[in-house]
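Notes follow the structure.
The values are calculated or read from the model by the stated rules, or taken from the named source; none is laboratory data. Values in this document were obtained by computation on a predicted structure and should not be read as measured data. For neighbour counting, all protein chains shown are included, and Cβ atoms are generated from backbone atoms with ideal geometry for every residue, glycine included.
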Amino acid sequence: MTAQDNIQTIGVIGAGQMGSGIAHVCALAGYDVRLGDVDAKALERAISVVDRNLARQAARGRISESDKAATMKRIKTGTQYDMFNDCDVVIEAATEKEEVKREIYKKLLPNLKDSAIIASNTSSISITRLAAATDRPGRFIGMHFMNPVPVMTLVELIRGIATDEGTFHAIRALAVKLGKTPVAAEDFPAFIVNRILLPMINEAVYTLYEGVGTVEAIDTAMRLGANHPMGPLELADFIGLDTCLSVMQVLYEGLADSKYRPCPLLVKYVEAGWLGRKAGRGFYDYRGEKPVPTR
């Protein structure tokens, strides 16, 4: 029996946008899911988001009503780490801060069986460094899903220096079973997608900062001129400006190249708490009937 055949129960830590999406696709693929978060209210919100997204899939004829009911039944939630003691894989989808992730592993490890694999959904932090903070660097891997998880098919798989080949193959097979297309990325800051995407977003913020174009002009230009489905500033609001900033900081610190310097305007928006869509304001103001540019 191969390692991937042994995966039946999957833990997900963090009930935010990414965690709820990961729980959704895992449960829909037939796995038992343990969704954990320190905040019970976040868990309630996550369950209603999963329910709503499954209802949308059912309305479009992508899944049946019985699939929806079975999927919801497979997700159990809780705030304690002992809920992960029967998990074969635990996917950490906490906020993009290294110290937060390390703290989670410290609490998680005493509650894991020896054979369990830990996968981090980090979008930029060194997998080798995160793995070294655990008791199982060989069974630690980066599994970076794209947002929104139920819709986006890509998953970046990142081996740390110590990741076992068996771990990589088990998680690759899991990604395929979830209906995703895995690509292997080396353990360099921000991996593939964000190494290319975030500097583009940062450059769009510089273009705004230097007065080359307005928010609307920049987004329209990239939608119509480069055929992007979403303008870079609209996309930054969707990702979360705090996440954009933390990825740029990881790139800047990790590669020591001035081209990755976060734009001062991006820093200012984050300091103001204008973090994008989730905060009601970013490069657009979302508090009215339709988004209005803030600059």
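Looking at the stretch 272-288, is at least one residue under 29 Å from residue 160 (Cα atoms) and touching a residue at least 24 places away in the same chain (Cβ under 8 Å)?
The answer is no, given that none of the residues of the stretch 272-288 is under 29 Å from residue 160 (Cα atoms) and touching a residue at least 24 places away in the same chain (Cβ under 8 Å).
Mind listing just one residue for me: the one in the stretch 82-104 that is at pLDDT 95 or above and surrounded by fewer than 19 Cβ atoms within 10 Å (Cβ to Cβ) and, of those, nearest to residue 32 (Cα to Cα)?
Per the criteria, the residue is 86.
Being free of Cβ contacts under 8 Å to residues at least 40 places away in the same chain and in contact with a helix residue (DSSP H, G or I) (Cβ under 7 Å, 6 or more places away or on another chain) is the filter here, so list the residues in the stretch 123-153 that pass it.
Result: 130, 131, 133, 134, 135, 137, 138, 139, 140, 141.
Go through the stretch 218-269 and report how many residues are surrounded by 20 or more Cβ atoms within 10 Å (Cβ to Cβ) and hydrophobic (A, V, I, L, M, F, W, C).
15
Going through the stretch 34-81 one residue at a time, which ones are within 19 Å of the chain's Cα centre (by Cα), among the hydrophobic types (A, V, I, L, M, F, W, C) and within 23 Å of residue 103 (Cα to Cα)?
Listed by number, the residues that qualify are 35, 38, 42, 43, 46.
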